[in-house]
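In what follows, a structure is listed as structure tokens, so that the remarks can point back to it.
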Amino acid sequence: MNLRVFIQNEAGSNQKHHHDEKTFEWKSVMDISRHYPFPYGFVVGTTADDGGNVDCFVITEEPLKTGQLIECQIAGLMEQFEDGQEDHNVLTTLPGTSVEIGPKVKEGLTEFVYAVFEQIEGTSIKVGQFLGVEDAEAYVAARSDPR
């Protein structure tokens with residue numbers, strides 16, 4: 001399953017950009033405590049339980065820029081719970097590439113999430129399991145906007 005992903009935040013940057021996730025209009029930027037380990041954005045044409053789009057990390061070394069709209073293929077799902085609510089991240093790669101969601105990727109993403117959220121008072125965060133492609137596809141399909 002291929003997805004269209006809007007890149008909000010670049011790998012290596014500690015700037016978190018906020019966009020209207022339905023129109024892509026830029027709203028604001030803020031500094032965070034850690035640099036993004038991978039490009040981060042959202043899956044176009046979805047609505048997550050929090051009302052925004054489904055969140056997404058693109059597991060790549062390619063330099064993707066804020067505002068880019070790219071095609072990706074699903075590689076897995078990172079369970080994440082914010083204040084007890086499901087707020088999972090789909091893990092993707094660029095088409096034609098494969099990546100193992102191994103210990104190094106899992107540890108980097110987990111460390112990033114905990115470090116960033118510890119700076120936000122009153123918010124609790126928990127990283128759950130890392131699941132495979134089938135679980136990620138089902139997660140996205142269940143949150144796809146009607147056409």
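All of the numbers you see were taken from the coordinates with simple rules; none came from a lab. Given the structure is predicted, the values throughout are model-derived calculations rather than measurements. So basically every Cβ, Gly included, is an ideal-geometry build from the backbone, and we count neighbours across all protein chains shown.
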**Asked** Among Q119, Q15, Q68, which one moves the most in a GNM of the chain with springs linking Cα atoms closer than 10 Å?
**Response** Q119
**Message:** If you filter segment 1-97 for GluC sites (Glu not before Pro), then keep DSSP loop positions with at most 14 other Cβ within 10 Å, what is left?
**Reply:** E25, E61
**Item:** For segment 2-142, with +1 on Lys and Arg beta carbons and -1 on Asp and Glu, the positive-most of T123, N9, V54 along the dipole
**Value:** N9
**Asked** Thinking of the chain as a set of Cα atoms, what percent of all their pairs are more than 24 Å apart?
**Response** 24 percent
**Asked** Between P37, P95, P103, which gets the highest mean-square fluctuation from a Gaussian network model of the chain, Cα cutoff 10 Å?
**Response** P103
